[in-house]
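Scroll down for the structure; my scribbles are underneath it.
The values are calculated or read from the model by the stated rules, or taken from the named source; none is laboratory data. Given the structure is predicted, the values throughout are model-derived calculations rather than measurements. Note that we place each Cβ from the backbone using ideal geometry, even for glycine, and neighbour counts take in every protein chain shown.
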Ligand code: ZN
C-alpha cells in the first residue's frame, strides 16, 4: 500500500490552503490506476475537506468555523489556549477519501482538496497521501 508524506508551512493562525496539485503529483508518483486515495493529516489542530477554491467561500468557511467555536471559553484552554482549533478540526475531520480512476483522483470540475490551518503559524504540517489499488 504505497503512501507519500507531503509537508508545508503555514503563516497565519487560521488559513486555508489548496493542496490538490501536490496530492495529484504524489498520486502520479505512486503509479496506481484504479482504487482509493486517502488524504489525511496527523495533527489535532488542522483539517482537510473537499470543496471549491473561491475567495468568498474561503472567507465564509473561516467565518463559519469562528462562529461554531468561539475562542477562549473552553476547558482545554486552561492547558494551551487552542480549544477552538481542536474543536473545529474535529468537526471538519482529518481525512478525505477519493476514488482513483485511470491514474487520476476523481474530483468534480470545481472540487479541490483544501487544508485548514486552525492554530498556526506552523513551520511544518504533514499530509499523508495513501493509495489502495
Ligand atoms: Zn491543545
Checklist entry - Which strands (runs of 3 or more DSSP E) sit wholly inside segment 88-133 and have at least 3 residues that are closer than 13 Å to residue 27 by Cα? => result 95-101, 125-132
Next on the checklist: Looking only at segment 11-42, how many residues end up being within 16 Å of the ligand (Cβ to nearest atom) and closer than 23 Å to residue 57 by Cβ?
Outcome noted: 3
Checklist outcome for this item: Scanning segment 92-109 for residues that are away from the ligand (no atom under 15 Å from the Cβ), touching a strand residue (DSSP E or B) at 6+ places or on another chain (Cβ under 8 Å) and either farther than 14 Å from residue 38 by Cα or free of Cβ contacts under 8 Å to residues at least 60 places away in the same chain (or both) gives 92, 93, 95, 96, 106
Item to check | Tally, over segment 9-34, of residues that are within 24 Å of residue 55 (Cα to Cα) and assigned to a loop (DSSP other than H, G, I, E, B) | outcome: 7
Next on the checklist: What pairs come out if I take residues in segment 65-82 that are under 11 Å from residue 118 (Cβ atoms) and pair them with residues that are part of a loop (DSSP other than H, G, I, E, B) and at pLDDT 95 or above whose C-beta lies under 7 Å away, six or more apart or interchain?
Outcome noted: 82/45; 82/119
Item to check | Residues being modelled with pLDDT under 95 and surrounded by 17 or more Cβ atoms within 10 Å (Cβ to Cβ) - total across segment 31-58 | outcome: 0
Next on the checklist: The conditions are (1) in contact with a helix residue (DSSP H, G or I) (Cβ under 9 Å, 6 or more places away or on another chain); (2) in a helix (DSSP H, G or I); (3) within 15 Å of the ligand (Cβ to nearest atom), and residue 71 fails exactly one of them. Which is it?
Outcome noted: (2)
Checklist entry - Could you say which residue among 104, 4 is surrounded by 13 or more Cβ atoms within 10 Å (Cβ to Cβ) and touching a helix residue (DSSP H, G or I) at 6+ places or on another chain (Cβ under 6 Å)? => result 4
